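A short worksheet on the structure shown next.
The values are calculated or read from the model by the stated rules, or taken from the named source; none is laboratory data. Remember, predicted model here, so these are calculated numbers, not experimental data. Positions of Cβ are generated from backbone atoms using ideal geometry, with glycine treated the same way; all protein chains shown enter the neighbour counts. Side chains included, ligands, DNA and RNA excluded: accessible areas come from the protein's heavy atoms. Shrake-Rupley method; radii C 1.70, N 1.55, O 1.52, S 1.80 Å.
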Amino acid sequence: MQTRSILASYRSCWWARSREFRAVTSQPPRTTPQRRTHRAFSSLTTFTLRPISRKIDQTASMSRRVPIESQRVDAPLTQAATFLVLTVNPGDEAARTVRSALASVSDLTKNVAFRDLNASFACTVGIGSEAWDRFIGLPKPRELHPFKEMKGAKHTAASSPGDLLFHIRSERRDLNFEFERQLMDQLGDAVAVVDETNGFRYFDVRDLLGFVDGTANPVGPAVVDSIMIAEEDTANMGGSYVVVQKYLHNLEGWKGLKIEDQESVIGRTKLENIELDDAPDGQQQSHKSLATIEQDGQEYDILRDNMPFGSPGSKEYGTYFIGYSRHLWVIEKMLERMFIGEPPGLHDRILDYSTATTGVTFFVPSATTLASLD
């Protein structure tokens, strides 16, 4: 009861301090406001929230409260983002170097962010299952495990290597670059780069398929409930699970579809971003419907902070999916519905034009936990 009271107080404070916001994009009213629907390719685009302090109690039984400060998982959508996935090289020395670098992320963030306080600079760090087992030395998050490859009749959600994730974002690409440069200097030869993707905000928050991207994320008090671990895993309170996937688009094939066919695939109108009705059960569902997760009458949200990326010169166009959640099973269920289908065999038709080339699962520990690793 004490833990719930603390969390309730925390959520109330969070919402009170986030009431002053600025709209990033104007969204049309939803046709069914009582039901929130989701798109896997969605981002936090509705509001920009001011940075806040997130402190909750680690346990309810301790006589002295231990403040737990979460990482800035809900940092606002920015003009630029870098998604850096690394593996940690073998050896105790590499492990020690990585632990020290993780513990200093907060200081490094302050050093870079101070150069432009209006740039909304933030970095979120995720740690993979194998890396956690190898050198973190703390109780393992209950749901943390390697990304599960999912094979449907036609498409596969690929699993790829990854021990560390650095989600770096700000209004300025040069700040992201400087943070990554200093970070890699600290890590040195203790790590190897698996993937480095630089994303950008595209026009009025659209993806490269031409649809508005980001109308379904939770806002206000619902953000905390959706992304932050609470009493279900007291050893890891204040943390979140995160899944990343890199999707490459077949734009030529997509452009060959009629606009109404594209809208049927997505589940929204292309110009006005108005939500379309769900198809009857047992029939082909839209991307929006398949990415909506309900269980026992409750709908579960995740927080997405996706970014388009691409290079016209090399004809590479894509979306970098990144989803944060309090419960890993919610994202896994969403991917199962997309790739296997609901019912099985009726996969998400967006996959006919968007191929998942990577897939990695991480746990985002609290900032307090990160700082304790040195």
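Numbers for the structure displayed
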| read-out | value |
| --- | --- |
| Area of Ile68 that stays accessible when all protein chains are in place (1.4 Å probe, Å², to 10) | 10 Å² |
| Zone residues, region 126-148, relative to Ala103, backbone N less than 13 Å from point 7 Å out along Cα-to-Cβ | 136-137 |
| Filtered chymotrypsin sites (Phe, Trp or Tyr not before Pro), region 313-374: DSSP coil and at most 14 other beta carbons within 10 Å | none |
| Three semi-axes of the equivalent ellipsoid, region 168-301, Cα gyration tensor, whole Å, largest first | 32, 25, 14 |
| Simple label model, 7 Å out from Cα along Cβ direction - Leu271 to Trp329, nm | 4.4 nm |
| Length released on extending from Arg96 to Asp374, taking residue separation times 0.36 nm less the Cα-Cα span | 99.3 nm |
| Signed unit charges on C-beta, dipole axis of region 156-303, positive-most listed residue Ala158, Met237, Leu175 | Leu175 |
| Residue-span extension gain [Ser314 to Gln79] - 0.36 nm each, minus C-alpha spacing | 82.4 nm |
| Normalised contact order of region 120-218, rounded percent, pairs of Cα under 8 Å and 6 or more residues apart | 28 percent |
| Nearby lysines by direct alpha-carbon distance to Lys110 (threshold 30 angstrom, same-chain neighbours under 8 apart not counted) | Lys55, Lys140, Lys246 |
| Loop trypsin sites (Lys or Arg not before Pro), region 272-345, which have at most 16 other Cβ atoms in a 10 Å radius of their Cβ (DSSP) | Lys315 |
| Between region 217-281 and region 318-341, the Cα center-to-center distance that results, in Å | 9 Å |
